[in-house]
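For reference, the structure discussed in these notes is given below.
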Amino acid sequence: MPDRAVAPIMKIRNMNKFFGGLHAVDSVSFDVKEGIIKSVIGPNGAGKTTMFNMIAGYHIPESGEVYYRDTLLTGKKPFQIASHGIFRTFQNLKLSTHMSVLENVLLGCHTRGSAGFLSGMLSLRKGREEEKRAVESVIPVLEWLGIADMKDTEVGNLSFGDQRAVELARALASDPSVLLLDEPAAGLNMHETDILSERIRAIKDKGKTILLVEHDMSLVMDISDEIVVLNFGQKIAEGIPEDIQRNNDVIRIYLGGEDA
Amino acid sequence: MKRYYPVLLLAAVIIIIQLLTLITGREFLLTQLTMSAYYVLVAAGLCMVMGYAGQISLGQAGFFAIGGYTTAYLTTINFSPMSGKAVFKVLDAAGLLVTKTTLYGDTLVHLNPWISFILSVLIAGFSAYILGVPILRLKGHYLAMATMGFGIIVYRIVLGTRMFGEADGISNVPSFSLIPGIRVSGDISRRTVNYYISWLLVILAVLLLTNLINSRVGRALRSLHGSEEAADAMGVDTARYKVAVFVTGAVMASVAGFFLTHYNGGIGPSEAGVAKSVRYVAIVAVGGMANLWGSIIMGLILNFLSLRGVFGHFDDAVFGIILVLMMMFMPDGFINRSFFNTLKSIIRKIKSNRGDSNA
Amino acid sequence: MGAEQFLQYIFAGITIGSIYAFVAIGYNIIYNTTGIINFAQGEFVMLGGMTAYSLSNYIPLFPSIILAVIITAAIGGLIENIFIRRMKKTSVLGMIVVTIGLSILLREAALYVWDEQIRALPFFTGSEISSVNILGARISPQVIWVLGVTSVIVLSLYIFLKYTLTGRAMRACSENSSAALLCGIKTGNMVNLSFMISAGIGALGGCVLSPLTQTHYAMGTDLAIKGFTVAILGGLGNPLAAVAAGLLLGLIESFSISILPMAYKDVISVVILLIILLVKPSGIFGSIQASALKDF
């Protein structure tokens, strides 16, 4: 990785989140350089999901800022954050089970279109063409993820792995600049995880920045350019995978230290 | 276009029903069928709200009443005593007045219903907007109560205010000319025309809604129903869309109120009552919350039966029972997925039987 | 407005406010254990008064009232058992729809049994013309009864919820039903109990207020919306705040007669409801954080 002083695409500064008396996220700061894969890891309860949800706009931090390029994101609603090109997947898949694969994925194109209520009701040409273009742009993604031949199937009838692919396709359909992946390997076996690694790398090769929260260490160590480690809401370590693997603090929180 | 087949089917059914009434000499049924159409319009709008905004509105009757009372009040003001005044001259010059001679030879001059149409829609839409923006952003089902409250306010206002006729409502509402020659009126001579006017309005609404559901906005709405969080994450301004749907439903209800008032020649406070609002909810619940066709079919059947007096004294109770049983046993509505699946398998069986007999 | 008239308004407000409080308490108890808004709450008030009226033709007044409360409580429990219990998979939206349907059925059944005539229980002490002189205002002795019963109920409820095992179990259910289950609390029974208590309290309220406000088969609907307003005003889930909020609404309505035409009196509660929902949905006494965590 060339070590240039490039302005990070996302800056997370001093994030704090309290749930009642629980200090779930404690003064966490880190940068995300453009075009890399960065993973946030930590034991259960470390605050990584909360951190993730704050970046995506689901929680409002008590203090701290999230910047995308030079725009302040904190305080914005998820749909506003999406309009900046930041899209996420959900760990427990939020798909519309009664809609088809194609329809679910097309939802990802929402921010790229502009046809409104009136255009919809009157079936105006501009809207219809927009739809056609959206479908055309989405088919290659479906094919790449191997779900093109089930595009008209109701999502509720698909296997878990296929549903995962639909969720990913939907996020990709938005042509995001930053992709937030919420435990993408959860529930996948080793083979599926390998395929996932390849896909994430391919997405990075297209110039996208990826921030992910994950428990699966093999995936994390395999594909991450940088890793942030949280424990009890605080940042314990940050760096390249090799350094993290050798970091004593990290080893201790995962394997337990010597409580003499 | 595959999506328009049901609409064509509906149109065909409408025509067939009319011809049937003609052949069997039962044309008086057209009156209740016409009224049912307008109630179906309200239900269709509510279906959008319940199915896509995912909230119950117990105030559709209030919007209906806004539509009806606005036009009833404005078109029953007799301007002919004011023929000398400036107000009259201005309105007349703008072409906003309609002159009529009554049976008794008197001249009546009243406001052109198109004005009250625009006003009805604006007032209803505006009220829905002011109500919806703050309430719809609340988590949970506050809209149910807030809209019930809204309906009660409308009800109390029309019941308690002299200018709205208090308990007697407003009658002698003039007929309304859609285009020269086509009038919305309760005249027996115009019964068939009005039947078609009402159902054409429904078909128009269904066309627009079908288009909407299949468009980019419609997809966003359907994801609101499927997974609101996902829609949010994909850039859908859920709050704005919910309000838009709520306003659409309110506008549809007020249009229905407008037309029915001119058809009936009047309106009364019961149209604004909670009982009516509950009926609309029952119809949509039976039809399947997000199922437009379910609401239409059920709306037609239930309203027609109710208007024919089939339920007798137990009219309200019937709708109450429907609500309870539906939500308990068939929360997806009567005309739900398994209904269609059963239908499909029956059709398949018929096809394969015919194939066998040919072999 | 003279001091005497002022006091009259106050007592009138407190009286009507008590009935709202009875409905609101019922809402809160059921809401606490199930998260449902029970639209049929107003009907319990109506049933209490009507049943007591019918019974009083055969047995003395006080036993009639006690029996009416028991019967209505039983009806509440039955409703829970037959309808609510079946609906585990239904969304909160669906549950609310069911309670709407149930309120209609109860109302229509009442119409069938008692027809549309207005009924009223006799005054507990004295008659409709007797009055007691309190601070210069002439108050019906029934008002004293109302205040007395309301206080007793509030106190009993407070003690029950705070100090008895069952009461604490009910509160546990409202906080976290899974945790309650794990502790061995039969949440199903708690739900049933909450319906019975709500119905019983409502019925008692209906009885004690019947001489003053009369009982009519259709009175439930208006009470439903006003009771809901009060419940929200006090903070949904707080039965005791409901009492304060109920009295407040009663007073506002009572004094409103001096400025607004009577016909609009019933509009006030709805306007207040809308204002509260817009401004502070967690109610006067509710906390914003707590209400954000609840489902409704």
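The values are calculated or read from the model by the stated rules, or taken from the named source; none is laboratory data. These numbers come from a predicted model, not from an experiment. Cβ atoms come from the backbone with ideal geometry, glycine included; neighbour counts cover every protein chain shown. In case anyone asks, the SASA skips ligands and DNA or RNA and just uses the protein heavy atoms, side chains included. Shrake-Rupley method; radii C 1.70, N 1.55, O 1.52, S 1.80 Å.
Take C:239-245, A:114-120 and order them by the average number of nearby Cβ atoms within 10 Å per residue, most first; the result is C:239-245, A:114-120.
Placing +1 on each Lys and Arg Cβ and -1 on each Asp and Glu Cβ, with no other charges, gives the protein assembly as shown a dipole about its Cα centre of roughly 1620 debye.
Applying the Karplus relation 6.51 cos²θ - 1.76 cosθ + 1.60 with θ = phi - 60° to region A:213-221 yields 3J(HN,Hα) values of 10, 7, 9, 6, 5, 5, 5, 4, 5 Hz, where x marks Gly and Pro. Restricting region A:180-254 to trypsin sites (Lys or Arg not before Pro) that sit in a DSSP loop and have at most 11 other Cβ atoms within 10 Å of their own Cβ leaves A:LYS206. Quick note on region C:107-173: its Rg to Rh ratio, both from C-alpha atoms and Rh being the Kirkwood radius, is 1.19. The alpha carbon convex hull volume per residue for region A:1-133 rounds to 179 Å³.
Among the residues of region C:37-83, those with an accessible-area drop of 20 Å² or more from chain alone to full protein complex, heavy atoms and 1.4 Å probe, are C:PHE39, C:PHE83.
Over region A:68-107, accessible surface divided per residue gives 39 Å², non-protein components excluded, 1.4 Å probe. Taking every protein chain into account, the 1.4 Å probe leaves A:ASP162 with about 50 Å² of accessible area, to the nearest ten. What you get for region B:28-156, charging only the Cβ of Lys and Arg (+1) and of Asp and Glu (-1), is a dipole of about 280 debye around the Cα centre. Listed values for region C:247-263 are Karplus-derived 3J(HN,Hα) couplings in whole Hz (6.51 cos²θ - 1.76 cosθ + 1.60, θ = phi - 60°), namely 4, 4, 4, x, 5, 4, 4, 4, 6, 5, 4, 6, 10, 9, x, 4, 4, and x replaces Gly and Pro.
With every protein chain in place and a 1.4 angstrom probe, the accessible-area ranking of B:PHE150, A:PHE232, A:PHE18, largest first, reads A:PHE232, A:PHE18, B:PHE150. Accessible-area loss of 50 Å² or more (1.4 Å probe, protein heavy atoms, chain alone versus all protein chains) is found in region C:84-130 for C:LEU93, C:VAL97, C:ILE100, C:ILE104, C:LEU105, C:GLU108. Its alpha carbons considered, chain B gives a radius of gyration followed by a Dmax of 21.8, 85 Å. Between chain B and chain A, roughly 2800 Å² of accessible surface gets buried, counting both sides and using a 1.4 Å probe. Residues A:THR49, B:THR70, B:THR99, ordered by accessible area of protein heavy atoms at a 1.4 angstrom probe radius and largest first, appear as B:THR99, A:THR49, B:THR70. The helix-only estimate of mean residue ellipticity at 222 nm for chain B, built from DSSP H runs of length n ≥ 4 each weighted as -39500 (n - 2.57), is -22500 deg cm²/dmol after division by the residue total. Dividing the summed -39500 (n - 2.57) terms of all DSSP H runs of n ≥ 4 by the residue count of chain A sets its mean residue ellipticity at 222 nm at -11000 deg cm²/dmol. With N counted as the residues of region B:1-126, its alpha-carbon radius of gyration over 2.2 N^0.38 Å works out to 1.46. Counting only protein heavy atoms and a probe of 1.4 Å, the accessible surface of chain B is 65% carbon and sulfur. Chains C and B together bury roughly 3400 Å² of accessible surface, counting both sides and using a 1.4 Å probe on protein heavy atoms. For chain C, a Gaussian network of Cα nodes joined below 10 Å ranks C:VAL154, C:VAL230, C:VAL270 by mean-square fluctuation, and the top entry is C:VAL270. For the protein assembly as shown, what is the percent of antiparallel DSSP beta bridges, rounded to the nearest 5? If we restrict to bridges inside the protein assembly as shown, about 70 percent are antiparallel. Pairs of Cα atoms nearer than 8 Å and 6+ residues apart set the relative contact order; for chain A it is 27 percent.
Given contacts defined as C-alpha pairs under 8 Å and at least six residues apart, what's the relative contact order of chain B, whole-number percent? Answer for chain B is 31 percent. The residues of region B:185-295 expose, per residue, 25 Å² of accessible area to a 1.4 Å probe. Scaling the Cα radius of gyration of the protein assembly as shown by the globular reference 2.2 N^0.38 Å produces a ratio of 1.07. Protection proxy ranking, highest mean first, for peptides B:248-260, C:209-221, B:25-37: B:248-260, C:209-221, B:25-37, where packing is the per-residue count of other beta-carbon atoms within 10 Å, averaged. Annotation for region C:12-95: chymotrypsin sites (Phe, Trp or Tyr not before Pro) lying in DSSP loop with at most 14 further Cβ atoms inside 10 Å of their Cβ are C:TYR58.
Across chain C, the mean sequence separation of Cα contacts (distance under 8 Å, 6 or more residues apart), normalised by length, yields a relative contact order of 38 percent.
Under the rule that an exposed site lies in a DSSP loop and has at most 15 other Cβ atoms within 10 Å, name the longest stretch of chain A with no GluC sites (Glu not before Pro) of that kind, not counting the sites themselves. Counting at most 15 other Cβ atoms within 10 Å as exposed, the longest clean stretch of chain A is A:63-257. For chain C, excluding the exposed loop sites themselves (GluC sites (Glu not before Pro), DSSP loop, at most 16 other Cβ atoms within 10 Å), the longest remaining stretch covers C:129-296. Largest first, the extents of the alpha carbon coordinates of region C:1-81 on the three principal axes equal 52, 39, 14 Å.
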